[in-house]
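Visitor: I have a structure I would like to understand better, so I am pasting it below and will then ask my questions one at a time.
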Amino acid sequence: MADISRREFMKKAGMTLAGASLVGIGGLVGGCGAKQAAGGQTTAAKASAAEAPAAGKSKVYFTKHIDAEHLVKLYQKVNAEIQGKVAIKLHTGEPHGPNILPREMVRDFMAQIPGATIVEANVAYGSPRASTAGHRETLETNGWTFCPVDIIDADGDVNFPVKDGLHLKEVAMGAHLANYDSLVVLTHFKGHAMGGFGGSLKNIAIGCASGKTGKRQVHGVVDYGEWVTGELFMELMADSGKAICDHFGKRITFLNVLRRMSVDCDCAGTGAAEPVIPDLGMMASTDILAIDKASVDMVYNFGDARKNDLIERIESRKGLRQLSAMKELKMGSDVYELISIN
């Protein structure tokens, strides 16, 4: 099946703006970080073994501050199992995207993680990022030049099994993903044209799937012959995310940054709607369900009507099914303790 244009993709999501789903890309493989230490340890103190959650609740750490200093502090709470060759999965965005994570903040954060590499995968809609060469040009345009970026499907894909999935038995991930020992999921939490919201699940479930095959599996094209929406799409994302979480086991951790939360994904680039709800802060957890649930809850619990457009986007796309599907797949807990580090 030929690549569809971004406009055609948006029509499937009931949109008029170019806000496709899928994520990023990259360039070279290698280490990054000025402050490195032997044995995969950060120069900052490693987090001690995970504390026992209160009354069986998963721990979600929170700060209202959005800067590198507090991002590092959050990471130190949840990085106990991160070791070896570390991949950082984040969305590097369409050319000149106004809402992607600040490069300076990511640069300073990654300086604390020995040998870390940003990982991305090519997209499946009409975009410069649909090819490895075009994606590398976009990375340079957007300022991702301070650290190696690995386009993980540049050399094809590898199947990750989905154990007891809702629909999928395997998902084609970018082949290079299997080269990493640990995965740090650094997510710009925001709305999403098809998913309702894009949190840690969307970041890995679509973002690590290969552009040629995996993304079509997650979007339902392979099994259903069309780009599916609604609850089925959320369930396919959950299957894909489970494959990645199972692959890395304890060596995966999650950080959500709740800033510039447009109703549109960073895939929309300069066409993304201007955010209405203000920046809310950052979160970290070793539990993917808990952190995405806490992020959604923070939006819903915001004190005035500026939250309404984002909530409408979540509910109109059946986005809350992401959370219940992860719970059914036993990917984490939707009962959490929010712990401020301010």
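Bear in mind these aren't lab numbers, they're just calculated from the coordinates by the rules spelled out. Because the structure is a prediction, the values reported are computed rather than measured. FYI the Cβ positions are ideal-geometry reconstructions off the backbone, even for glycines, and counts take in every protein chain you see.
Visitor: Can you confirm whether region 243-259 contains a residue that is acidic (Asp, Glu), within 17 Å of the chain's Cα centre (by Cα) and not in a helix (DSSP H, G or I)? Outline the logic, then answer.
Guide: So the first thing to find is which residues in region 243-259 are acidic (Asp, Glu), and the list is 246.
Then keep just the ones that are within 17 Å of the chain's Cα centre (by Cα); that gives 246.
Adding the requirement that they be not in a helix (DSSP H, G or I) leaves none.
No, region 243-259 has no match at all.
Visitor: Please go through region 307-342 and pick out each residue that is within 20 Å of residue 65 (Cα to Cα) and either part of a helix (DSSP H, G or I) or acidic (Asp, Glu) (or both).
Guide: Step one: filter region 307-342 for residues within 20 Å of residue 65 (Cα to Cα), giving 307, 337-342.
Across region 307-342, the qualifying residues are 307, 337.
Visitor: Would you confirm whether or not region 290-312 contains a residue that is among the hydrophobic types (A, V, I, L, M, F, W, C), in contact (Cβ under 8 Å) with a residue 40 or more places away in the chain, under 30 Å from residue 139 (Cα atoms) and touching a His at 6+ places or on another chain (Cβ under 8 Å)?
Guide: No, that holds for no residue.
Visitor: Output the residues belonging to region 155-177 that are free of Cβ contacts under 8 Å to residues at least 40 places away in the same chain and aliphatic (A, V, I, L, M).
Guide: Selection gives 158, 175.
Visitor: In region 172-229, which residues are among the aromatic types (Phe, Trp, Tyr) and part of a helix (DSSP H, G or I)?
Guide: Scanning region 172-229 gives a single hit, 224.
Visitor: Something else now. Would it be correct to say that residue 88 is in a loop (DSSP other than H, G, I, E, B), in contact with a strand residue (DSSP E or B) (Cβ under 6 Å, 6 or more places away or on another chain) and either β-branched (Val, Ile, Thr) or free of Cβ contacts under 8 Å to residues at least 12 places away in the same chain (or both)?
Guide: Numbers: in a loop (DSSP other than H, G, I, E, B): no; in contact with a strand residue (DSSP E or B) (Cβ under 6 Å, 6 or more places away or on another chain): yes; either β-branched (Val, Ile, Thr) or free of Cβ contacts under 8 Å to residues at least 12 places away in the same chain (or both): yes.
Here the answer is no, as residue 88 does not meet what is asked.
Visitor: Next up: Hey, does region 217-226 have a residue that's within 20 Å of residue 135 (Cβ to Cβ), surrounded by 19 or more Cβ atoms within 10 Å (Cβ to Cβ), touching a Phe, Trp or Tyr at 6+ places or on another chain (Cβ under 9 Å) and of a type in the set (A, V, I, L, M, F, W, C)?
Guide: Yes, region 217-226 has at least one match.
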